[in-house]
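Working notes, structure below.
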Amino acid sequence: LKAGRSVVDFLDSLPRLLGADSLRGVVDAVVTAREKGRPVVLAMGGHVIKCGLQPVLKSLIEAEVITAVAMNGSAAIHDFEVSLIGATSEEVGDVLHSGDFGFSDETGGGMNQALKAGLAKGIGFAQAIGEWIVDHQHPFAEHSLLVTCVENQLPVTAHVAMGTDIIHQHPDMDGAVTGEMSIRDFRLITSVVADLGDGGVWLNVGSAVIMPEVFLKALSIAQNLGYHVDNFTTANFDMNQHYRPMQNVIKRPTSGSGKGYSIVGHHEINIPLLASAIFEKIGKGA
C-alpha cells in the first residue's frame, strides 16, 4: 500500500481471499453486466436510505449501472420523509410509550393519499410515491431515490408486509389499496427477475427478510413460466449475516449456475466503496 493509489489499485492490493475477493467479484460482475447490457438490480431495506446513500445510488442510476430498484415499505417511507423535510426517523424509545410513535400525519396521510391516486393511474406502489413527490414539489425531492427512478424511467418497486410500516397506523390506510399497489410491484419485479439470466446481477442491501423472500418467489415464478434464469450473480451487503439473505439470495438461487457473494460491513462505507470501484473501472473502459 502507498499514497496516491486509485480505488481499484487499493482493492487489487488486498489479500486474495475472503471478503476482499468477494468485493472484487461483485465489482467485476456489475461492470461485466453493464458492458453486456444485462440487468443490475438493487434490492434494499430502509437503513440504506437512513444512511444517506441516495446520492451514491443516484449516480449509479444515471451512469446506467443500476437498471432497476426494489425496496421494502420502510425504504419508501424514509425516502418520502427525506424528500419532504430533508430528514427521516425518530427516536422510537422516546415516543413509543406515549403513543406518538409513527403518527406523523404528513407521512401517513401523504403516502396513503399517494397510493390512492396511483391506483387509478394503473401504476404500482413505488412509482405512485415517486410521482406524488414530484407532483407536490417536495422541497428536498432531489434527494429522493424514488424520484430519481421515476425521472430516469427506471423500474422501481416497493414490497409491503401488512402491519410492518408506520403508514399502516394512519386512518387513511386502506388495506385493499395497499395490497393492490404492492402486488402490482411484485408482478413488475418478477418480470425484471425473469431477464436476470446470462450475466445479470441482484444486489440485496440491508434487507434481512422481505426482499430475500420477494426475490425467491419472483425467481420461482420466472422459472415456472419457462424463463430458466441461470448464470447470474447475487450479492448481499449487510452489517450482519442473516439466514434468509444467505439462503434465498446467495446460495439457493445460484446453486445451479452462477455465483453468490456476502459482504459484511457498514452500508455507508461499503456501498460508496463499491460505487467508486465500479466508476473507476467503467471509466477506464470508456
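Computed quantities for the displayed model
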quantity: Every residue from segment 220-255 that is hydrophobic (A, V, I, L, M, F, W, C), closer than 17 Å to LEU196 by Cβ, open to solvent by 40 Å² or more (accessible area, probe 1.4 Å) and in a loop (DSSP other than H, G, I, E, B); calculated: LEU225
quantity: Residue among LYS217, LYS259 that alone is more than 19 Å from HIS159 (Cβ to Cβ), open to solvent by 40 Å² or more (accessible area, probe 1.4 Å) and not hydroxyl-bearing (Ser, Thr, Tyr); calculated: LYS259
quantity: Tabulated pairs, segment 261-275, first part of a strand (DSSP E or B), second among the charged types (D, E, K, R) and open to solvent by 40 Å² or more (accessible area, probe 1.4 Å), C-beta under 9 angstrom, 6+ apart or interchain; calculated: TYR261/ASP21
quantity: Residue identified as open to solvent by less than 50 Å² (accessible area, probe 1.4 Å), in contact with a helix residue (DSSP H, G or I) (Cβ under 9 Å, 6 or more places away or on another chain) and without any contact (Cβ under 8 Å) to a residue 24 or more places away in the chain among GLY179, GLY175; calculated: GLY175
quantity: Segment 113-155, residues that are open to solvent by less than 10 Å² (accessible area, probe 1.4 Å) and either of a type in the set (Val, Ile, Thr) or free of Cβ contacts under 8 Å to residues at least 60 places away in the same chain (or both); calculated: ALA114, ALA126, ALA128, ILE129, GLY130, ILE133, VAL147, THR148
quantity: Within segment 182-200, considering residues that are open to solvent by 10 Å² or more (accessible area, probe 1.4 Å) and among the charged types (D, E, K, R), the one farthest from ALA68 (Cα to Cα); calculated: ASP198
quantity: All positions within segment 86-104 that are at pLDDT 75 or above and either closer than 17 Å to HIS168 by Cα or hydroxyl-bearing (Ser, Thr, Tyr) (or both); calculated: THR88, SER104
quantity: Among (1) assigned to a helix (DSSP H, G or I); (2) open to solvent by less than 40 Å² (accessible area, probe 1.4 Å), the one test that LEU203 misses; calculated: (1)
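Quick grid of which residues meet (1) open to solvent by less than 30 Å² (accessible area, probe 1.4 Å); (2) modelled with pLDDT of 95 or more; (3) under 19 Å from THR233 (Cα atoms):
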position	(1), (2), (3)
ARG5	no, no, no
ASP9	no, no, no
GLY46	yes, no, no
CYS51	no, no, no
VAL56	no, yes, no
ALA68	yes, yes, yes
ALA76	yes, yes, no
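The values are calculated or read from the model by the stated rules, or taken from the named source; none is laboratory data. Computed from a predicted model, the values in this text were never measured in an experiment. Reconstructed Cβ throughout: ideal geometry from the backbone, glycine too, with neighbour counts over all protein chains shown. Only protein heavy atoms, including side chains, enter the accessible area calculation; ligands, DNA and RNA are left aside. Shrake-Rupley method; radii C 1.70, N 1.55, O 1.52, S 1.80 Å.
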